[in-house]
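Undergrad: Take a look at the following structure, please.
The values are calculated or read from the model by the stated rules, or taken from the named source; none is laboratory data. Keep in mind that what you see is a predicted model, and the values were worked out from it rather than measured. Cβ coordinates were reconstructed from backbone atoms using ideal geometry, including for glycine residues, and neighbour counts include every protein chain displayed.
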Amino acid sequence: MAQTAPRQPHTSGWQSQDSAHHLHPFTDYKALNAKGSRIITHAEGCYIWDSEGNKILDGMAGLWCVNIGYGRKELADAAYAQMQELPYYNNFFQCSTPPAVELSALLAELTPPQFKHVFFTGSGSESNDTVLRMVRYYWKLKGKPYKKIIIARDNAYHGSTVAGASLSGMKAMHAQGDLPIPGIAHIEQPYHFGVAPEMDVNEFGLRAARALERKIDELGECNVAAFIAEPIQGAGGVIVPPDSYWPEIKRICAERDILLVADEVITGFGRLGTWFGSQHYGIEPDLMAIAKGLSSGYQPIGGVLVGDKVADVLIGEGGEFFHGFTYSGHPVAAAVAATNLRILRDERIIERAAEDVSPYLQRRWRELADHPLVGEARGVGMVAALELVKSKSPREDFAPAGKVGTLCRDICVENGLVMRAVRDTMIISPPLVLSREQVDELIEKATRSLDQAATRLGEVMR
Ligand SMILES: *Cc1c(COP(=O)(O)O)cnc(C)c1O
């Protein structure tokens, strides 16, 4: 995919209009315009095609979301039928629509037993904004209006709206626009390789979990509303917590009078081998934020699953909750999401991936740890990461960070594989319908890309 080859005329036309008019999310505009965007035109199964005709294995399932794979006609048919029947109606003013009703009932069936209610949103960010408003409202209804602070973690990703970015623990996001907003605190993340590789991994997991206890004490339990965390931190670099971490967090939350919120936007709908990441780790949260895999990305839709503890108070004592979106429970998005969930359930896509392809993927992924550039290979279910290092022993990271990751990512695409870079951590989160043959292809392309990156380090490091 040499960038020097002449481009297809439609590619250069799209690229110049894109540069002229389109401000992309999370993008350095000058850098993008110097290069031109890759125009993705169609997709099927686990592959995407760009406007130059390159076929690329999508190791990221879009943006962690196309769990069911591309090209499921049933989802397109559901959208088409719903658009003809009722393209839009809202769920305000004591109205509802059949798709919103059916999706909420389906979610009650597929989620852990404490969840019988869902509040619909249009995205993961809106879900976390809803979480923030709902937990504060809950404590107000409980007669404890001062319980407002939400504890989140460094390097978390909870979205890009004001509340989402504030809950996120990313310094670069906070630096743009005076974030976080008041009432949000952050604690250490359970990132063994990045924070304390010299420590025993489970000792470190306990330390990272006990940071929650210390923070609650420091702020005063009477002021803390909730703790929010991703079961596995996704955008932060697929940070798999030590085995000791979640049981200790659970102990702390059980002892303290605060709500536990799982941000399941990535880990929901099968990513870790169970329907929800909370089930993989036995978390039992009070609230779960969902989006992405809910519709496998075919339509923008998210939600907050509200456990009985909170729902009973909202319903029983709440009065009007002054919160909601024009597109909450959008009928087309809801119809597509419900079709997606039925296919995941009826074809046992999550269970089949957990039994067959993900153990194979994880085994083959671990083989990459032998590569001279790889300091650690980790993962769970259908998500995994590689830490690129300058030297394994003694351990030395690349400085400045991020250049080698970006180089490796670009080489991967040249080799027909989407693998994302977070600093110098390479990550994958492929569709759950990946086959064993496609795992082999992914590993072969990743290995070739690592080899090439190793010989081209001089291009980015001096
Ligand atoms: C992607 C993501 C979000 C934000 O979702 P959007 O739909 O992009 O607003 C929130 N939390 C997590 C864990 C995510 O990965």
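Undergrad: Give the residue, chosen from S160, S96, that is modelled with pLDDT of 95 or more, within 16 Å of the ligand (Cβ to nearest atom) and either out of contact with any Lys or Arg (no Cβ under 7 Å at 6 or more places or on another chain) or outside any helix (DSSP H, G or I) (or both).
TA: Residue meeting the stated conditions: S160.
Undergrad: Working only within the stretch 342-395, note down all residues that are among the acidic types (D, E) and modelled with pLDDT under 95.
TA: If the condition is that a residue be among the acidic types (D, E) and modelled with pLDDT under 95, then no residue fits.
Undergrad: Do we have I181 as touching a Phe, Trp or Tyr at 6+ places or on another chain (Cβ under 7 Å) and among the aliphatic types (A, V, I, L, M) here?
TA: For I181, the condition - touching a Phe, Trp or Tyr at 6+ places or on another chain (Cβ under 7 Å) and among the aliphatic types (A, V, I, L, M) - is not met.
Undergrad: Tell me the residue from Y70, Y146 that is exposed (fewer than 14 other Cβ atoms within 10 Å of the Cβ), away from the ligand (no atom under 16 Å from the Cβ) and of a type in the set (S, T, Y), please.
TA: When all the criteria are applied, what remains is Y146.
Undergrad: Continuing with the same structure: Would you confirm, using the coordinates I've provided, whether A311 is outside any helix (DSSP H, G or I) and either closer than 24 Å to P242 by Cα or over 22 Å from the mean Cα position of the chain (by Cα) (or both)?
TA: So A311 does not fit the description; no.
Undergrad: Would you tally the residues in the stretch 278-324 being more than 14 Å from the ligand (Cβ to nearest atom) and of a type in the set (G, A, S)?
TA: Total satisfying the criteria: 7.
Undergrad: Answer yes or no: is there a residue in the stretch 445-462 that is closer than 29 Å to E347 by Cα, outside any helix (DSSP H, G or I) and out of contact with any Gly (no Cβ under 7 Å at 6 or more places or on another chain).
TA: No, the stretch 445-462 contains no residue that is closer than 29 Å to E347 by Cα, outside any helix (DSSP H, G or I) and out of contact with any Gly (no Cβ under 7 Å at 6 or more places or on another chain).
Undergrad: Restricting attention to the stretch 443-458, report how many residues are closer than 17 Å to T425 by Cβ and not hydroxyl-bearing (S, T, Y).
TA: Total satisfying the criteria: 5.
Undergrad: If you scan the stretch 169-187, which residues turn out to be part of a loop (DSSP other than H, G, I, E, B) and either in contact with a Pro (Cβ under 8 Å, 6 or more places away or on another chain) or more than 12 Å from the ligand (Cβ to nearest atom) (or both)?
TA: Q176, G177, D178, L179, P180, I181, P182, G183 - these are the residues of the stretch 169-187 that are part of a loop (DSSP other than H, G, I, E, B) and either in contact with a Pro (Cβ under 8 Å, 6 or more places away or on another chain) or more than 12 Å from the ligand (Cβ to nearest atom) (or both).
Undergrad: Right, another one. Can you go through D451, D410, D424, D397 and tell me which one is crowded, with 21+ Cβ neighbours inside 10 Å and either among the acidic types (D, E) or more than 25 Å from Y191 (Cβ to Cβ) (or both)?
TA: Just a single option satisfies the conditions, and that option is D424.
Undergrad: Given the conditions (1) polar (S, T, N, Q); (2) within 16 Å of the ligand (Cβ to nearest atom); (3) part of a loop (DSSP other than H, G, I, E, B), report the number of the one that T274 does not fulfil.
TA: Condition not satisfied by T274: (2).
Undergrad: If you don't mind, there's one more thing I want to ask. Of all the residues that make up the stretch 242-265, how many are within 14 Å of the ligand (Cβ to nearest atom), out of contact with any Lys or Arg (no Cβ under 6 Å at 6 or more places or on another chain) and assigned to a loop (DSSP other than H, G, I, E, B)?
TA: 1
Undergrad: What is the number of the single condition among (1) part of a loop (DSSP other than H, G, I, E, B); (2) under 26 Å from I343 (Cβ atoms); (3) within 12 Å of the ligand (Cβ to nearest atom) that G236 does not meet?
TA: Condition not satisfied by G236: (2).
Undergrad: Considering only the stretch 190-212, I want to know if a residue exists there that is within 16 Å of the ligand (Cβ to nearest atom) and assigned by TED's automatic domain parsing to the domain that holds R133.
TA: Yes, some residue in the stretch 190-212 is within 16 Å of the ligand (Cβ to nearest atom) and assigned by TED's automatic domain parsing to the domain that holds R133.
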